[in-house]
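Heads up, the thing below is written out as structure tokens.
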Amino acid sequence: MRNRAQAAHTWSGVEIALWDVLGRARGEPVWRLLGQDRAHPKLPYASVLFGKTPEETGAAARAIRGAGFTAAKFGWSPFGLDLAEDIRHLEAARAGLGEDGILLIDAGQIFGEDTEAAALRLPALAAARAAWLEAPFGGSALGAYAALAARSSVPLAGGEAAHNADMAEHLIDFGRAGFVQIDTGRIGGLAPARRVALKAAAAGVTYVNHTFTSNLALSASLQPYAGLQDHRLCEYPTGLQPLARDLTATRIAPGPDGLIRLPDGPGLGVEVNPDALTRYAVEVEIKVAGRVLFASGKP
């Protein structure tokens, strides 16, 4: 599935680029071309991994709060491996983030389709006042999602694995997700993401972006739901790699009120930094059966 999905990823990039070109040609931001009257500010949540120990998790939560974020997501291993340790991580994250912080948990699909194992964490998640439990199961495990949702006071989140709008809508209709998280670089681009955003709003499900790479990807991920005022949470990449950071001259950063806003410019509103493309360029050669099909720098 992962290899076959590369076609959807490639097309997503092409589709997003075409929206950007269209917006620049018309002098309009993409969110407006997608039928929205206004781009509302979003509340960014810092997305990080759990620490190796509860103490590391608590320290990370305190650092996030100290950096001005009021929402944070902790995810992946070691969560899901040991119930007692999971409880300590949750308690540490809540204490470090503060009583008024928004705490989000990403299980990284650790439970497969084992609803009983996931259900063991529900009391601790509720006690820590987690706003959601993300990706407890694989993206297509709709039955497991629905079964756990029926037992949980903590809403479930998922959808980043959706490679088309139908997959995301199935999670809404049959998986009983409370939050649907869409990556415009995976689902096929901005138009299918907008379709899911409208579906989610009509179904009473909260739409959230999924992105962790660059300001360019962040802007693209915000376009489909910019006009949904009540859908405020936004995944915000806090640990960008140098290439991702330097790729654009435009930086989307939280304002004094802690909220982020889309750039005002046409298209995606983000300007690429040509110097970075040159600085990080690497030589590439594609060879099949000894024959060179492509070599960078050669006609």
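The values are calculated or read from the model by the stated rules, or taken from the named source; none is laboratory data. Computed from a predicted model, the values in this text were never measured in an experiment. All Cβ positions, glycine included, derive from the backbone under ideal geometry; neighbour counts span all protein chains shown. Note: areas computed on protein heavy atoms with side chains; ligands, DNA, RNA excluded. Shrake-Rupley method; radii C 1.70, N 1.55, O 1.52, S 1.80 Å.
Remark: region 136-193 carries a charge dipole of roughly 200 debye about the Cα centre, counting +1 on each Lys and Arg Cβ and -1 on each Asp and Glu Cβ. Each Lys and Arg contributes +1 and each Asp and Glu -1, all at the Cβ; summed about the Cα centre of the chain, the dipole is approximately 560 debye. Put a dot 7 Å past the Cα of Ala59, heading toward its Cβ, do the same for Arg279, and the two dots end up 3.0 nm apart.
Loop-located GluC sites (Glu not before Pro) in region 82-134 (DSSP state not H, G, I, E or B) with no more than 11 neighbouring Cβ atoms inside 10 Å: Glu99.
Using a/c under 1.5 as the rounded threshold, could you call region 170-264 rounded, prolate or oblate? The axes a ≥ b ≥ c are square roots of the C-alpha gyration tensor eigenvalues, and prolate needs a/b larger than b/c, oblate otherwise. Since a/c reaches 1.5 and a/b is larger than b/c, the shape of region 170-264 is classed as prolate. Selection among Ala289, Gly158, Gly101 by position relative to the dipole of the chain gives Ala289 as farthest towards the positive end (Cβ unit charges, Cα centre). The GluC sites (Glu not before Pro) of region 217-299 that DSSP puts in a loop, and whose beta carbon has at most 12 other beta carbons within 10 Å, are Glu283. Our estimate of slack between Asp82 and Ala127, defined as 0.36 nm per intervening residue step minus the Cα-Cα distance, is 14.5 nm. Within the same chain, lysines fewer than 8 places from Lys42 are excluded, and of the rest, those with a Cα less than 19 Å from its Cα are Lys73. Classified by the C-alpha gyration tensor, region 22-66 has a prolate form. Its axis ratio a/c, with a ≥ b ≥ c, is 1.5 or above, and a/b is larger than b/c. On the accessible surface of region 222-299, probed at 1.4 Å, how many percent belong to carbon and sulfur atoms? Of all accessible area on region 222-299, carbon and sulfur atoms account for 55 percent.
Over every Cα atom in region 51-208, the radius of gyration and the widest Cα-Cα span, Dmax, amount to 15.5, 43 Å. The Rg/Rh ratio of the chain, with both radii computed over alpha carbons and Rh defined as the Kirkwood radius, is 0.99.
Share of carbon and sulfur in the accessible area of region 74-212 stands at 56%, probe radius 1.4 Å. Remark: the Ala201-Asn164 segment gains 11.5 nm on full extension, using 0.36 nm per residue and subtracting the alpha carbon distance. The calculated P(r) of region 55-141, using every Cα pair and 10 Å bins from 0, goes 19, 53, 24, 4 in percent. Once the 1.4 Å probe is applied to the protein heavy atoms, the chain comes out at 47 Å² accessible per residue.
What number, rounded to the nearest 500 deg cm²/dmol, is the helix-based mean residue ellipticity at 222 nm of the chain, given -39500 (n - 2.57) per DSSP H run of at least four residues and division by all its residues?
Numbers: 12 runs with 114 residues, N = 299.
Taken over the chain, the calculation gives -11000 deg cm²/dmol.
Placing +1 on the Cβ of every Lys and Arg and -1 on the Cβ of every Asp and Glu, with no other charges, gives region 1-67 a dipole of roughly 40 debye about its Cα centre.
If we count every other residue with Cβ under 10 angstrom of Pro136's Cβ, Lys/Arg +1 and Asp/Glu -1, where does the sum land?
Numbers: positive: Arg121; negative: Asp106, Glu113, Asp114, Glu134.
Result for the local shell: -3.
Loop-located trypsin sites (Lys or Arg not before Pro) in region 1-100 (DSSP state not H, G, I, E or B) with no more than 13 neighbouring Cβ atoms inside 10 Å: Arg2, Arg4, Arg38, Lys52. Taking 7 Å steps out from each Cα toward its Cβ at Glu91 and Ala25 produces label points 6.0 nm apart.
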